[in-house]
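S.K.: Structure in structure tokens, see below.
The values are calculated or read from the model by the stated rules, or taken from the named source; none is laboratory data. Predicted model only: the values in this text are computed from it and were never measured. Reconstructed Cβ throughout: ideal geometry from the backbone, glycine too, with neighbour counts over all protein chains shown. Just so you know, the surface numbers come from the protein's heavy atoms only, side chains and all, with ligands and any DNA or RNA stripped out. Shrake-Rupley method; radii C 1.70, N 1.55, O 1.52, S 1.80 Å.
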Amino acid sequence: MGLLRRLFGFGRRAGSAASSTGHDESAEAARRAELFWRRWEELLPQVGSALGDGVPQRVDHQIAEAVALLHPGLNFSIERGREAIYALVITAQADPELRVYTDAWRAAAPTTDSLWEYHDAVPPVPDPREVTVNLGGRRYPLEEVRVSALFDEARHLVDVAVYHPGFAELAGNEREALTFLPLHAALGEKLAADRIGRVETAERLPENAVDLVVFRDRVRVFDTEGTEPPGADPGPR
């Protein structure tokens, strides 16, 4: 999962379409993006050293300050890359008013190399069943997560109930984290924000619940075709 600040709370903001931005705001976003990339270049030796030492939190504050140069409302994480070793993610968390800044940041990003790639949304984990989450000093493998989903064609949203046997020993924010993190890991930020509706924490294993990879496959079919995918379960009760 994320090697720095991990994002797990998500929800669609009012108005899913990107808001119109004037020339002045686009120019300002481009100026701020230039400031960020200049600062990122300066920080790279420190970031590489912290990652190599296995203590990424050592540069958390410095990266947060750099991201604030772009816009203080943005979030960041460092993930395992899909093609490179690491991925720097800067995201507006589906806020259309901030999209102009992430667009400018992405447009000015360096070319992907063997070490770094850059994303404006948290990408899905290739196989979320291989991820283990550490909460309260205990380890919770996501291979034990099961999801029951109700595909609402009228709303084009998926309402879900998430189950993990570890819920019994968790409460509050930690239980919430173990509910939402698997959805982000499986779907990535964009697909989760676009298609996930109501989310419930299931105390017991729901009927016809599936693992995260099967769930992701069904949501992707639903996202592209807009109809309930074959084999979908009847949904959370």
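S.K.: Every residue in segment 135-171 that is crowded, with 18+ Cβ neighbours inside 10 Å and part of a helix (DSSP H, G or I), please.
M.R.: Leu142, Gly166, Phe167
S.K.: Find all pairs meeting these conditions: Cβ atoms under 7 angstrom apart; at least six residues apart or on different chains; first residue within segment 203-223 and on the phi > 0 side of the Ramachandran plot; second residue surrounded by 17 or more Cβ atoms within 10 Å (Cβ to Cβ).
M.R.: Matching pairs, first to second residue: Asn208/Ser148; Asn208/Asp233.
S.K.: Which pairs do you get when a residue that is assigned by the TED database to the domain that holds Ala104, found in segment 22-33, comes within reach of a residue that is loosely packed, with under 15 Cβ neighbours inside 10 Å, reach meaning Cβ atoms under 7 angstrom, with the pair 6+ apart or on two chains?
M.R.: So the pair list comes out empty.
S.K.: Being crowded, with 20+ Cβ neighbours inside 10 Å, aliphatic (A, V, I, L, M) and more than 20 Å from the chain's Cα centre (by Cα), is that true of even one residue in segment 179-199?
M.R.: no
S.K.: Select, from Glu41, Glu34, the only residue that is in contact with a Pro (Cβ under 9 Å, 6 or more places away or on another chain), open to solvent by 60 Å² or more (accessible area, probe 1.4 Å), more than 16 Å from Ala121 (Cβ to Cβ) and at pLDDT 90 or above.
M.R.: Only one candidate qualifies: Glu41.
S.K.: Using the structure shown, decide if Ala185 is out of contact with any Pro (no Cβ under 8 Å at 6 or more places or on another chain) and either outside the structural domain of Asn134 (by the TED database) or over 13 Å from Ala149 (Cα atoms) (or both).
M.R.: Judged against the criteria, Ala185 is not a match.
A quick yes/no check of all residues on (1) touching a helix residue (DSSP H, G or I) at 6+ places or on another chain (Cβ under 7 Å); (2) over 23 Å from Leu135 (Cβ atoms); (3) among the hydroxyl-bearing types (Ser, Thr, Tyr):
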| residue | (1), (2), (3) |
| --- | --- |
| Glu174 | no, no, no |
| Leu183 | yes, no, no |
| Thr201 | yes, no, yes |
| Asp217 | no, yes, no |
| Pro230 | no, yes, no |
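S.K.: For segment 110-122: of the residues being in a loop (DSSP other than H, G, I, E, B), open to solvent by 20 Å² or more (accessible area, probe 1.4 Å) and touching a helix residue (DSSP H, G or I) at 6+ places or on another chain (Cβ under 9 Å), which is nearest to Trp40 (Cα to Cα)?
M.R.: My answer is Pro110.
S.K.: Quick one: is Ala64 assigned to a helix (DSSP H, G or I) and closer than 18 Å to Arg80 by Cα?
M.R.: no
S.K.: Which of (1) surrounded by 13 or more Cβ atoms within 10 Å (Cβ to Cβ); (2) assigned to a helix (DSSP H, G or I) does Leu88 not meet, given it meets every other one?
M.R.: Result: Leu88 passes all but (2).
S.K.: Here's something else I'd like to know. Among the residues in segment 127-134, are any assigned to a strand (DSSP E or B) and free of Cβ contacts under 8 Å to residues at least 24 places away in the same chain?
M.R.: Scanning segment 127-134, I find at least one residue that is assigned to a strand (DSSP E or B) and free of Cβ contacts under 8 Å to residues at least 24 places away in the same chain, so the answer is yes.
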